[in-house]
Amino acid sequence: MLGQTSEALWYAGPGRAEIRPELLAEPGPGEVQVRALHSGISRGTERLVLAGQIPPSEFQRMRAPFMAGAFPFPVKYGYSAVGLVERGPDELEGRVAFALHPHQSLFNVPADAVALIPNSVPAARAVLAANMETALNAVWDAQPAPADRIAVVGAGVVGALVAWLCAQMPGAQVTLVDIESSRSELARRLGVGFAAPEAAPGDCDLVVHASGTSAGLMTALYLAGMEATVLELSWYGTEEVAIPLGGAFHSRRLKLISSQVGQVAVSHRSRWTFKRRLDAALEMLADPRLDALLTPPIKFQDLPSRLPDILEPRSGVLCQLVSYPAADASG
């Protein structure tokens, strides 16, 4: 049975997005209906989606939980939505929740696919949940230790969150490394150090690479100390990346490992479910300092015209916040 009309953002072709109306069915048994308040744009992944640069080998693995369409186009994509549960079980109705859902004004999902947002976390900041979950999983993979010298190359949202998490380690010396000097203010607000690549401290015990560039990966390998770990957190889509494995890579016995949020880190997999990890990520968003990662909101209706500039690599945008009419109505 059809219910209300919703609107969703679709990536329609290379560099082109549009908002399409959708007839939304009545929520079925075990489902909730959520009216969006905010969503967040994952700049790294959604830039590749908009450009049609998801490689065919990854078409299935890169599907978001409630994605519609098929790669490369047209596709309804996104995974960071916060909204008000309008219909559903009594314990969820009227609550603000997070869902791994594309940009859409009203949607139905299974009740167990939403995570309630703690009272200590504002709805707008909760759009960082998916990024925080990625960062948390990366830290589990990287296994930093107290008093470690740690460099995080790439001051995007995920890199900044990794640096912030590592800085919670007693005695850890954490430096956020980026070519954009303006990111020094972000580092200051998050309570970590900042350096340009040429001035970053070397001989690090752990280096996390999150810049999404081959130059950044080269910097990460250069900063790693003897027998240190370099965690590769960037994903490049169809782009081929040259890895500089000459020089001192072998003599320093470096370890280059990958991290990806699609699986719980091996160190925690036997005890942690995806739900437990997401709930933990939401709890960690209680720190007001993390508002530094949010770019002032734009209206959902403006997304198609604004997306190319937002997703441009040198735009300076961190997490672009998107606001829906329901958020405006609630004040």
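The values are calculated or read from the model by the stated rules, or taken from the named source; none is laboratory data. If you're wondering where the values come from, they're calculated on a predicted model, not measured in any experiment. Using ideal geometry, Cβ is built from the backbone for each residue, glycine included, and neighbour counts are taken over all protein chains shown.
Here is the figure for segment 219-239: residues that are at pLDDT below 95 and surrounded by fewer than 20 Cβ atoms within 10 Å (Cβ to Cβ) total 5. Within segment 204-219, residues that are small (Gly, Ala, Ser) reach partners that are in a helix (DSSP H, G or I) with beta carbons closer than 7 Å, at six or more positions or on different chains, in the pairs Ala210/Val158; Ala210/Gly159; Ala210/Val162; Gly212/Gly44.
If we keep just the residues of segment 259-273 that are surrounded by fewer than 16 Cβ atoms within 10 Å (Cβ to Cβ) and modelled with pLDDT under 95, which is nearest to Ala138 (Cα to Cα)? Restricting to residues being surrounded by fewer than 16 Cβ atoms within 10 Å (Cβ to Cβ) and modelled with pLDDT under 95, the top hit is Gln260. If you check Ala129, Ala138 for being buried (at least 24 other Cβ atoms within 10 Å of the Cβ), within 17 Å of Leu321 (Cα to Cα) and in contact with a helix residue (DSSP H, G or I) (Cβ under 7 Å, 6 or more places away or on another chain), only one passes: Ala129. Here Glu227, Glu239 are screened, and the one residue that is in the same structural domain as Val192 (by TED's automatic domain parsing) and either closer than 28 Å to Arg183 by Cα or hydrophobic (A, V, I, L, M, F, W, C) (or both) is Glu239.
Take Arg16 and decide whether it is at pLDDT 95 or above and among the charged types (D, E, K, R). Explain how you work it out, then say what you get.
Values: at pLDDT 95 or above: yes; among the charged types (D, E, K, R): yes.
So Arg16 passes the test.
Identify, by number, the condition in (1) free of Cβ contacts under 8 Å to residues at least 24 places away in the same chain; (2) part of a loop (DSSP other than H, G, I, E, B) that Pro170 doesn't meet. So Pro170 meets the others, but not (1). Before we move on, is Ala281 part of a loop (DSSP other than H, G, I, E, B) and at pLDDT 95 or above? Answer is no for this residue.
One residue stands out in segment 217-267 among those that are outside any loop (DSSP other than H, G, I, E, B) and of a type in the set (Ser, Thr, Tyr): the one that is farthest from the chain's Cα centre (by Cα), namely Tyr222. Residues in segment 173-197 that are within 24 Å of Glu239 (Cβ to Cβ) and not in a loop (DSSP other than H, G, I, E, B): Leu176, Val177, Arg183, Pro197.
Among the residues of segment 10-33, is there at least one that is among the polar types (S, T, N, Q) and either under 25 Å from Pro296 (Cα atoms) or without any contact (Cβ under 8 Å) to a residue 60 or more places away in the chain (or both)? So far as segment 10-33 goes, no, none of its residues is among the polar types (S, T, N, Q) and either under 25 Å from Pro296 (Cα atoms) or without any contact (Cβ under 8 Å) to a residue 60 or more places away in the chain (or both). A count restricted to segment 288-311 and to residues that are outside any helix (DSSP H, G or I) and without any contact (Cβ under 8 Å) to a residue 40 or more places away in the chain stands at 4. Among the residues of segment 307-315, are any modelled with pLDDT under 95, basic (Lys, Arg) and surrounded by fewer than 18 Cβ atoms within 10 Å (Cβ to Cβ)? So far as segment 307-315 goes, yes, one or more of its residues are modelled with pLDDT under 95, basic (Lys, Arg) and surrounded by fewer than 18 Cβ atoms within 10 Å (Cβ to Cβ).
Restricting attention to segment 31-48, and to residues there that are among the basic types (Lys, Arg) and in a helix (DSSP H, G or I), which single residue is surrounded by the fewest Cβ atoms within 10 Å (Cβ to Cβ)?
Among them, the one singled out is Arg47.
Of everything in segment 180-210 that is among the aliphatic types (A, V, I, L, M) and touching a strand residue (DSSP E or B) at 6+ places or on another chain (Cβ under 6 Å), the residue that is farthest from Gly159 (Cα to Cα) is Ala200.
In summary, Ala327 fulfils each of the numbered conditions (1) in a strand (DSSP E or B); (2) surrounded by 16 or more Cβ atoms within 10 Å (Cβ to Cβ); (3) not acidic (Asp, Glu) with the single exception of condition (1).
Taking the numbered list (1) modelled with pLDDT of 95 or more; (2) surrounded by fewer than 14 Cβ atoms within 10 Å (Cβ to Cβ); (3) not in a strand (DSSP E or B) in turn, Pro21 passes all entries but (3).
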